[in-house]
């Protein structure tokens, strides 16, 4: 059975460009790939794609979307020529339909940086077929857990499921600095407990993640939750009976505490 990984993809292309504020994250991403086995394909849920209904990237040879601005010229020549997997995209669409979720295919969109930045560090040879699936506009946490549960079948097909976001994502705080009370750390502690505690039942974990806004400093850490909800998809995809996640990264990125979680 394949693994499910929620990871921080950092600030735009900075992990790939060697930014010192991303050093720990870059090292983590370079190391984690070899611990995930050899997946037959990778499905990425990126914080940088939202549609009215779940949409699956179905291009055979997706281009790259340099969906960031204001970075050095090298940021716009990054390459990641991983093939797409149209047949699997169609299968996912069918399985979502069986689960009562209407999904679309998109054969023209390219990979955004939520995919190609972390995967370039994790699987640099770019040989594994990749797909993306969008977040659902409205950003309802329960709907994203439901979407993840409908994707659980992929684990039996050796498809690595990756949620690409950031467990802390307050752009103003990245530039202004974090208060001494460390709200980022307090939210991170809550998130780690919810994902990793052996004491919580799946019903309790569902409740906590659906009601994530009640967590300490939730809206400070996520003024908008698009970078958090890939975690909800991963949690759902792990399966109702899956063991708790393992915290596989917990360090500073741009001066804020962020985490990665792995379901095995």
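A short reminder: the numbers here are calculations on the coordinates, not readings from a lab. Computed from a prediction, not measured in an experiment: that's the story for all the values here.
Some notes on this structure:
- Shape annotation for the stretch 150-223: C-alpha extents along the principal axes are 44, 26, 17 Å, from largest to smallest.
- Cα gyration tensor of the stretch 1-77 - equivalent ellipsoid semi-axes, whole Å, descending: 23, 20, 12
- Beta bridge orientation in the stretch 4-263: antiparallel %, DSSP, nearest 5: 35
- Sorted largest first, extent of the stretch 23-134 alpha carbons per principal axis (Å): 43, 34, 23
- Relative contact order of the stretch 17-176, pairs being alpha-carbon contacts under 8 Å that are 6 or more residues apart, as %: 39
- Residue-averaged 222 nm ellipticity for the chain, from DSSP H runs of 4+ at -39500 (n - 2.57), nearest 500: -9500 deg cm²/dmol
- Taking one quarter of the surface of the C-alpha convex hull of the stretch 190-264 gives a mean projected area of 4.9 nm².
- Compactness relative to 2.2 N^0.38 Å, alpha carbon Rg of the chain: 0.93
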